Amino acid sequence: MIRTHAAIVLKAVPFAEGGAVVSFLSEHGERLTGLAKGVKKPTAKWVAAFEPLGMVRVSFFGKEHTELKRVTRCELAFSPLTLGHLESSLVMACLADLFDRVAREGVEDDRLYRLLSACGRALRADPDNALGILAYAEHWLLHCLGLLPHPRACGRCGNDTAALVLLGEEGWCCAACTPVDPAEALPAGAREHLRRLRTGGADAAPRPDPADQAQTMVTGLLRARLLQELGGGLRSYDVLWRTV
């Protein structure tokens, strides 16, 4: 049986005899995996189709419950690859790693596909904001996982105007009800930065600003929480931080 899907390429892991096991995120938000034979050969017709975050039409052959189906066709429809832009390429590898961990085989969540496709297009349009787009994706992945409370109101007292100072078990907590060491509290502007992440698209992701303490701390906090949830150990992140 042959099934064809619109999908986004996540990772291609080398396999025997010049092949690769390739993971994809389907248009329904399900992780799909297939064996592409001969993909590493110089004459392979579909080498470019397996770049991370490429949007493709991919066909699989195999019985319904076969653990690893064979990729019979893969046509590249869109690639976010910006030749020569190192930071953007490194961020694409990070996004591929993240979604490869978050997506599940047999579990559909079309929010994942919409988010990753939006980030891919934003990277193609504005590769200089690659780190901002990565932070945007991390924020929304936490939301998709059900791990990010809404910052509109304090999770303890319901105050919707006081500055947020902490992300705790009750959610975002505010200065009106949460005593915290000023040196450890979120800087002023945290609520506003979170609002920008929630209300703007990937193409409007806030640009990293080292002078914006609230942005820097919120980004670090959310990133640490996401990586902890995923078990850490993402090599793509190690490469990114050693390079940029």
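The values are calculated or read from the model by the stated rules, or taken from the named source; none is laboratory data. Being a predicted model, the structure only gives us computed values, none of them experimental. So basically every Cβ, Gly included, is an ideal-geometry build from the backbone, and we count neighbours across all protein chains shown.
Just checking, which of L197, L240, L186 is surrounded by 15 or more Cβ atoms within 10 Å (Cβ to Cβ) and within 16 Å of L98 (Cα to Cα)? First the steps, then the outcome.
Values: L197 fails: within 16 Å of L98 (Cα to Cα); L186 fails: within 16 Å of L98 (Cα to Cα).
Every option except L240 fails the conditions.
Quick check: is even one residue across segment 91-111 modelled with pLDDT under 90, surrounded by 18 or more Cβ atoms within 10 Å (Cβ to Cβ) and not assigned by TED's automatic domain parsing to the domain that holds R223?
Checked segment 91-111: no residue is modelled with pLDDT under 90, surrounded by 18 or more Cβ atoms within 10 Å (Cβ to Cβ) and not assigned by TED's automatic domain parsing to the domain that holds R223.
From the list L123, L142, L131, L167, which one is outside the structural domain of E27 (by TED's automatic domain parsing), modelled with pLDDT under 95 and surrounded by 14 or more Cβ atoms within 10 Å (Cβ to Cβ)? Before the answer, list the steps.
Working: L123 fails: modelled with pLDDT under 95; L142 fails: modelled with pLDDT under 95; L131 fails: modelled with pLDDT under 95.
Sole residue among the options that is outside the structural domain of E27 (by TED's automatic domain parsing), modelled with pLDDT under 95 and surrounded by 14 or more Cβ atoms within 10 Å (Cβ to Cβ): L167.
Of the residues in segment 54-100, how many are polar (S, T, N, Q) and without any contact (Cβ under 8 Å) to a residue 24 or more places away in the chain?
Going residue by residue through segment 54-100, those that are polar (S, T, N, Q) are 59, 66, 72, 79, 82, 88-89.
Going one step further and asking which of them are without any contact (Cβ under 8 Å) to a residue 24 or more places away in the chain, we end up with 66, 89.
Total meeting the criteria: 2.
Is at least one residue of segment 66-77 part of a loop (DSSP other than H, G, I, E, B), within 21 Å of G201 (Cα to Cα) and outside the structural domain of Q213 (by TED's automatic domain parsing)?
At the first step, the residues of segment 66-77 found to be part of a loop (DSSP other than H, G, I, E, B) are 66-68.
From what is left, the residues that are within 21 Å of G201 (Cα to Cα) are none.
Within segment 66-77 (the criterion being part of a loop (DSSP other than H, G, I, E, B), within 21 Å of G201 (Cα to Cα) and outside the structural domain of Q213 (by TED's automatic domain parsing)), the answer is no, since none of the residues qualifies.
Please determine whether any residue of segment 45-65 is part of a loop (DSSP other than H, G, I, E, B), at pLDDT 90 or above, surrounded by 18 or more Cβ atoms within 10 Å (Cβ to Cβ) and of a type outside the set (A, V, I, L, M). Can you show your working first?
Start the filter on segment 45-65 by keeping residues that are part of a loop (DSSP other than H, G, I, E, B), which leaves 45-46, 51-54, 62-65.
Still in the running and at pLDDT 90 or above: 52-54.
This time we only want the ones that are surrounded by 18 or more Cβ atoms within 10 Å (Cβ to Cβ), so: 52-54.
Applying the additional criterion that residues be of a type outside the set (A, V, I, L, M) yields 52, 54.
Yes: segment 45-65 contains one or more residues that are part of a loop (DSSP other than H, G, I, E, B), at pLDDT 90 or above, surrounded by 18 or more Cβ atoms within 10 Å (Cβ to Cβ) and of a type outside the set (A, V, I, L, M).
Can you tell me how many residues in segment 169-199 are of a type in the set (A, V, I, L, M) and assigned to a helix (DSSP H, G or I)? Break it down into steps so the answer makes sense when it comes.
Residues of segment 169-199 that are of a type in the set (A, V, I, L, M), as a first pass: 175-176, 180, 183, 185-186, 188, 190, 194, 197.
From what is left, the residues that are assigned to a helix (DSSP H, G or I) are 190, 194, 197.
Number of matching residues: 3.
Just for segment 227-243: of the residues that are assigned to a helix (DSSP H, G or I) and hydrophobic (A, V, I, L, M, F, W, C), which one is farthest from S88 (Cα to Cα)?
Taking segment 227-243 first, the residues assigned to a helix (DSSP H, G or I) are 227-229, 235-243.
Within this subset, residues satisfying the condition of being hydrophobic (A, V, I, L, M, F, W, C) are 227, 239-241.
Values: L227: 20, V239: 13, L240: 10, W241: 13 Å.
Here the answer is L227.
If I go through segment 205-226 residue by residue, how many of them are part of a helix (DSSP H, G or I) and more than 19 Å from A185 (Cβ to Cβ)? Don't jump to the end; show me each part of the working.
Step one: filter segment 205-226 for residues part of a helix (DSSP H, G or I), giving 213-226.
Pick out the ones that are also more than 19 Å from A185 (Cβ to Cβ) and you get 226.
The qualifying residues number 1.
So which residues in segment 1-40 are without any contact (Cβ under 8 Å) to a residue 24 or more places away in the chain and either assigned to a loop (DSSP other than H, G, I, E, B) or under 23 Å from the mean Cα position of the chain (by Cα) (or both)?
The answer is V13, F15, G19, G38.
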